[in-house]
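Following: one structure in structure tokens, then a few remarks.
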Amino acid sequence: MILYACSTNPGKLREFTLAAQQSGITGLELLPLPNIKEVTPPEETGATFQENAAIKALYYSGFTDELVFAEDSGLEVDALGGEPGVFSARYSGTDVTDEANNQLLLENLRHKLNRHGRFVCVIGVAKGGKLLTTVSGAVEGEILRAPQGSNGFGYDPLFFYPPLNQCFGELTTEAKFEVSHRGKAVRALFDWLKRSAPR
Ligand code: ITT
């Protein structure tokens, strides 16, 4: 069975490649959607991760007859009323770097004592223009006062994970995937595939 991962984010795609190796599902080929770089991405107009995951999965399912999934994810910070949330990738503007987003987050949290937040990931699965399911995962942590580590992507260098006493920017892809929002959501996706994927 072919399953296309529809994302333009190289950090996410690295984690999906690892997930494919770990799936343990016989005959599963989890691959990036061919030529996704040539496709104009859909506008992420949803107010929630759930809505945007559905928008992306439905949109990309129009480019193939195979089963596809897309995900919307981001960081919710309690002291900022849940921001950056669905705007995580565009927090400091459009076409910005992870570093610029991280700087803005640090700036906005400068005087905040409560540094608690979570990463959330919602995956939408679609085929032939129909949304088949959504699954999700989340992980709680604390926002650091300065970046730490050079692994991962996005807000990873600022996301401290107390159970491991390390920040996501210090974890290997494998160690992060064991505990992360995306790892949880992808494992839920694999459970769904085992139970009810269309043949
Ligand atoms: P696609 O829509 O093509 O998948 P994108 O990067 O635009 O790529 P999103 O709209 O879902 O994806 O934005 C997700 C942003 O949330 C991402 O760019 C990071 O800034 C942040 N983020 C999500 N998961 C993360 C993780 O595991 N580690 C660090 N930052 C993460």
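Readers should treat all values here as calculations from the given coordinates under stated rules, not as data from a laboratory. Small disclaimer: the values here were computed from a predicted structure and weren't measured. We place every Cβ from the backbone using ideal geometry, glycine too, and count neighbours over all the protein chains shown.
Can you tell me which of Val122, Val139, Val96 is within 13 Å of the ligand (Cβ to nearest atom), in contact with a helix residue (DSSP H, G or I) (Cβ under 8 Å, 6 or more places away or on another chain) and in a loop (DSSP other than H, G, I, E, B)?
Val96
Quickly run through the stretch 58-83 and pick out the residues that are charged (D, E, K, R) and either more than 19 Å from the chain's Cα centre (by Cα) or within 13 Å of Gly117 (Cα to Cα) (or both).
Asp65, Glu66, Glu76, Asp78, Glu83
State whether the residues of the stretch 34-45 include one that is part of a strand (DSSP E or B), free of Cβ contacts under 8 Å to residues at least 24 places away in the same chain and crowded, with 16+ Cβ neighbours inside 10 Å.
No - not one qualifying residue is present in the stretch 34-45.
Considering the stretch 30-41 alone, what residues qualify as being more than 10 Å from the ligand (Cβ to nearest atom) and either in contact with a Lys or Arg (Cβ under 9 Å, 6 or more places away or on another chain) or not aliphatic (A, V, I, L, M) (or both)?
Listed by number, the residues that qualify are Pro32, Pro34, Asn35, Lys37, Glu38, Thr40.
Could you grab me the full set of residues in the stretch 1-21 that are more than 16 Å from the ligand (Cβ to nearest atom) and either touching a Gly at 6+ places or on another chain (Cβ under 6 Å) or touching a residue at least 60 places away in the same chain (Cβ under 8 Å) (or both)?
Hits for the stretch 1-21 are Met1, Ile2.
Name the residue, out of Gly117, Gly149, that is more than 10 Å from the ligand (Cβ to nearest atom), at positive phi and not basic (Lys, Arg).
From the options Gly117, Gly149, the qualifying one is Gly149.
Determine which single condition Thr134 fails, assuming it passes every other condition in (1) in contact (Cβ under 8 Å) with a residue 60 or more places away in the chain; (2) assigned to a helix (DSSP H, G or I); (3) touching a strand residue (DSSP E or B) at 6+ places or on another chain (Cβ under 8 Å); (4) not hydrophobic (A, V, I, L, M, F, W, C).
It fails just one condition, (2).
What is the number of the single condition among (1) away from the ligand (no atom under 12 Å from the Cβ); (2) closer than 21 Å to Phe177 by Cα; (3) assigned to a loop (DSSP other than H, G, I, E, B) that Gly27 does not meet?
Against the list (1) away from the ligand (no atom under 12 Å from the Cβ); (2) closer than 21 Å to Phe177 by Cα; (3) assigned to a loop (DSSP other than H, G, I, E, B), Gly27 comes up short only on (2).
Condition test on Ala54, is it among the aliphatic types (A, V, I, L, M) and either away from the ligand (no atom under 13 Å from the Cβ) or outside any strand (DSSP E or B) (or both)?
On the way: among the aliphatic types (A, V, I, L, M): yes; either away from the ligand (no atom under 13 Å from the Cβ) or outside any strand (DSSP E or B) (or both): yes.
Answer is yes for this residue.
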